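The values are calculated or read from the model by the stated rules, or taken from the named source; none is laboratory data. None of these values were measured; they are calculated from a predicted model. Every residue, glycine among them, receives a Cβ derived from its backbone with ideal geometry; neighbour counts consider all protein chains shown. Quick note on the areas: whole protein, heavy atoms, side chains included, nothing else; ligands and nucleic acids left out. Shrake-Rupley method; radii C 1.70, N 1.55, O 1.52, S 1.80 Å.
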Amino acid sequence: MLNTERFSERKFHGIMLAILAAFFLLGYILPLGLRDMMRPDEFRYGEIPREMIARGDWTTPLLVGVRYFEKPALGYQWTALSMEIFGENAFAVRLPSALSVGLAALLIYWLCGAKSRDRWLAPLASALYMSFALVFGVGTFAVLDSQLSMALTWCIGSYYLACEAEKIPRKLMWLAVAGLAAGAAFLFKGFLAFAVPVVVIAPYLIWQKQFMKFLTTPWLPLVLAVGVALPWSLAIWKAEPEFWNYFFIEEHIKRFTSGTYDRSPEPFWFFIPVLLGGIMPGGLLWLGAWKGVCKEWLKEPLVRFCICWSVMPFILFSISSCKVGTYILPCFPPLAILTAWAFIRALKKNQDKVQKFLRIIDLSLGWILMAGGILCGAFLIVWRLKLAAKWPLFDPESMLPLTAALLLSVFGAVCYWCQKLEIKLQLCILLGGFITVCGWGAPVILSNATNPQKMPEKTLRRFYQEWEITDNDVVAVDRGAATATAWILKRDDLPVVGRYGEFQYGFTKFPEEYSLRYYEIDDIERLLKDSGDKRVFFVNIRSIKKNAFPKDWKVKRTKSEQGITIVELDK
């Protein structure tokens, strides 16, 4: 039995950080490249950095060669740097999101370790954060929400540490970190970098009656934030003077007050089910943690700060008309801290009952998962052996589900063994095991075989190889196939046919410049004329219940598979 209570504080935190880092590596990092990329987001956030590298221009975001001004450049630049190191692949595209979760968890650990009398708050809060379903889902997916949440976590958390610091140098250090993080957040997603910290910090200072800090603390962070954001902001203004007008009006004012080209306004309560589902499985601790909520608990400065940190951004995002589930991700770090803190307080009152309850869970999960993992593994081996002539047993396609089955069995054994450990250590290990199993189970569940329309890379590569498509051919695309095709063929000259989609700003604002890049669905003759004597192909990804192209088109040949269609047009 591992008795962590006898370790010194430094050794204890070293052990817990090593355990958390191991689970982060096993669950977040190592499985990143095992899944195919998913459209449209992952191909978009891979293709923009790929084009930055190809052009040698890391200032202006272009998507398939068309101006794309929805976000500033830092998120794309980070991904481009990852691709320069690890290559143009799914692992490199997703790595910045995963690293952002680790960096946010590190700040949570630091914040709790510095400002709590209970040594277990830091590891439990960090483990809870990494195990939250929404954090895990976004953190292993190529979007910019995880990066924004990380930067805001460092900004807001550092400001709190500055407020609580007793020595001036330490206070200035944390204020500087807050400013640098705010500047990075701005370069990830824009003016939320300032709005979110303000709606958190202002209510907290009022609650604490620390009114003088309104006058003394904002200036250093503000100066440094502007200093971080200014160089790229001036560079993009010089390169593309229209950027700031579009970015501020369309991507901030209109998104907040109305819908956008692809999203309608959502009701105020939209984020409530997202939050309740997103905090699972760690949210189940509130079944007992609510007993730890009391007046004394609410007097703690960090608890008050985390309440403001979780509630006020949630209200801000709920007021906005344009809502996406990932928007409330910045609310999850304080929720992890509050959950861990309330549970630890409740545990002190009812430790025997909680211990018995967890022992039942450990035993039940242990036997179920061990048996399930062994049975799944045996079934996969027998099934593969029967098909060995067609599919070798030990190839990547068979090893992935076998590995997931093995991890399921190991997790079951860990659950069974955990009953002997201290309760809070049990929870950290169980949450880490959950992360690991999800990390390796996701590639088994999400694949080209189970969802070819959303994960079309293998199918499209096979189509393009079979039809021997080269750089001399014209490959026109529907908006749904644009980014995936550009990523696979490494081309940024694909004509788009049909609806504008995410290319709306570029095509409508600069119609003459992109006249050879956009064609109405009934204007296919112009496309054929503009292509000269080159072969012309059209690629579409849409529901199999809809026609992939108009019936009056003249085609030489066509190939369709589960909603993915390629057509060679006849001139």
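What does the helix-only formula give at 222 nm for the chain: each DSSP H stretch with n ≥ 4 adding -39500 (n - 2.57), the total divided by the residues, and the result rounded to the nearest 500 deg cm²/dmol?
Working: 24 runs with 347 residues, N = 571.
So the calculated ellipticity at 222 nm is -19500 deg cm²/dmol.
Would you mind calculating the gained length between residue 304 and residue 445 on full extension (0.36 nm times residue separation, minus the Cα-Cα distance), in nm to one decimal?
On the way: separation 141, 0.36 × 141 = 50.76 nm, distance 4.03 nm.
Separation in residues times 0.36 nm, less the Cα-Cα distance, equals 46.7 nm.
Counting heavy atoms of the protein chains alone, residue 420 has an accessible area of about 120 Å² for a 1.4 Å probe.
Looking only at segment 160-186, which residues have a backbone nitrogen under 19 Å from a spot 7 Å from the Cα of residue 234 in the C-beta direction? Only 180, 183-184, 186 pass the distance filter. Residue 55 exposes around 80 Å² of accessible area when a 1.4 Å probe is run over every protein chain in place. Multiplying the residue separation of residue 287 and residue 461 by 0.36 nm and subtracting their alpha-carbon distance yields 57.8 nm. A straight Cα-to-Cα reach below 28 Å connects residue 213 with the lysines 115, 167, 171, 189, 295, 299, residues fewer than 8 places away in its own chain not being considered. DSSP bridge analysis restricted to segment 473-571 gives an antiparallel fraction near 60%, rounded to the nearest 5. The fraction of accessible area contributed by carbon and sulfur in the chain is 65 percent, rounded to a whole number (1.4 Å probe; ligands and nucleic acids excluded). Projection of the Cα convex hull of segment 438-494, averaged over all directions and equal to a quarter of that hull's surface, yields 4.6 nm².
Of 469, 249, the residue with the largest accessible area leads and the full order is 249, 469 (1.4 Å probe).
Once the Kirkwood radius over Cα pairs is known for segment 144-273, the Stokes-Einstein relation at 25 °C and 0.890 mPa s delivers a diffusion coefficient of 151 µm²/s.
Solvent-accessible area per residue in the chain equals 45 Å², computed with a 1.4 angstrom probe and all protein chains kept.
In the chain, what percentage of the DSSP-assigned beta bridges are antiparallel, given to the nearest 5? Show your work: numbers first, answer last.
Values: 14 of 21 bridges.
The answer is about 65 percent antiparallel.
Of all the Cα-Cα pairs you can form in segment 196-260, what percent are over 16 Å apart?
On the way: 1369 of 2080 pairs.
Distances greater than 16 Å cover 66 percent of the Cα pairs.
When nucleic acids and ligands are ignored and a 1.4 Å probe is applied, residue 232 ends up with an accessible area of around 30 Å².
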